[in-house]
Amino acid sequence: MNKKLMLGTLLCAFVLAMLNVSCTTDNKKHFTVNGVTFTMISVKGGTYTMGANEGEGIEKDESPEHSVTVDDFAIGETEVTQELWTAVMGKNPSGYTTNVQLPVESVNWFECQAFIEKLNELTGEKFRMPTEAEWEFAARGGNKSKDYLYSGSDSIAEVAWYQDNADNVTHPVKEKKPNELGLYDMSGNVWEWCSDWYADYSPEAATNPTGPQNGNCRVVRGGSWLVDPAICRSTDRSFGAPKGGGCILGLRLAM
C-alpha cells in the first residue's frame, strides 16, 4: 500500500469511528453507524445468463436460463451481523448469540425492511435489499465470474457453512473464502431475503428485473447451515412467507 493510500485509509477509519458517515477505498465503501463499521462492495453492472437448465441437483424453478442485464450496484461484503442489527435496532432477535459477528437471523421480511428504514435514517443513505437478479449476479462473481458451482468455488467446504460442517449452528461471517468480488458467505450460513416476490422465471431477456408486482412469498437465496450442498449453489432458489422467520433466515444489504 502506498503512503497516500495508507494515510487516506487511516484518516477514513478515524472519521468513521467518530460519526455515522461513509468513506470509500478502492471498490469498497465503508459505513459506520453507532460505532459499528460495515462494508459495501461496488459491483459493475453487466449481462449474464441467469438460472440453470441442467446438472446435478438442478431444480425446476431454476429454469429456463435467460439473459439478464443489471446496472451498477453495491452489495454487502457480508451478511448483516448481529452487531450491526443491534447498533441500529437496539436489540438482537437471533437464536444463536455467542458472537456478535454471527449473521443476524430469525428475522422476517418486514423486520428486515424496518431495519433498513432505520439504517437509512441514521446514515442518510439508500440501503435496500438486493433484487434476485442482482443477488445471483453478485453470487456468481459478477463480471469476474469463473463459473463456479458455489459462490467462489466448486468446493463447497471452501466457501460455505452447510449441514456437513456447521455443527448445527451459524458461524461468524468472513471465516470462509470470499468469491471473485470479495463477498463472503453467499453460499451457506443463513438464507438471505431478496426484494422480489417469488415466481417462475420467464424465458425473455430482461434488464434490471424486480419480479412480479405481488405474490404470496418472497425470494430467499444462498442456502444455510442446515441444508445440503445442492441447495447452496449460486443458482438455487427458495422462498419464504414475508411474516415467516426462523434461525436460517437473515439478509444482506444492497444499494
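For this structure, a couple of remarks:
- For the stretch 107-255, the calculated P(r), taken from all Cα-Cα distances in 10 Å bins from zero up to the bin holding the longest distance, is 12, 41, 37, 11, 0 percent.
- Ellipticity at 222 nm from helices only: DSSP H runs of n ≥ 4 in the chain, each -39500 (n - 2.57), divided by the residue count, give -6000 deg cm²/dmol.
- Translational diffusion coefficient of the chain (Stokes-Einstein, Kirkwood radius from Cα pairs, 10 °C, 1.306 mPa s): 87 µm²/s.
- Taking the longest Cα principal axis of the chain as reference, the axis of helix 3-18 is set at about 90 degrees.
- Ser63/Asn99 FRET efficiency (R0 41 Å; Cβ-Cβ; nearest 0.05): 0.60
- For the chain, a crude dipole built from +1 on the beta carbon of Lys and Arg and -1 on the beta carbon of Asp and Glu, taken about the Cα centre, is about 1060 debye to the nearest 20.
- Taking a straight Cα-Cα cut-off under 27 Å and skipping sequence neighbours fewer than 8 places away in the same chain, the lysines within cross-link reach of Lys28 are Lys3, Lys4, Lys44, Lys118, Lys126, Lys144, Lys146, Lys174, Lys176, Lys177.
- Compared with the dominant principal axis of the Cα atoms in the chain, helix 109-123 is inclined by about 30°.
- Relative contact order, percent, the chain [alpha-carbon distance under 8 Å, six or more residues apart]: 23 percent
No value in this document is a laboratory result; all are computed from the given coordinates. Worth saying up front: this structure is predicted, and the values here are computed from it rather than measured. Virtual Cβ from ideal backbone geometry, glycine too; neighbours counted across all protein chains shown.
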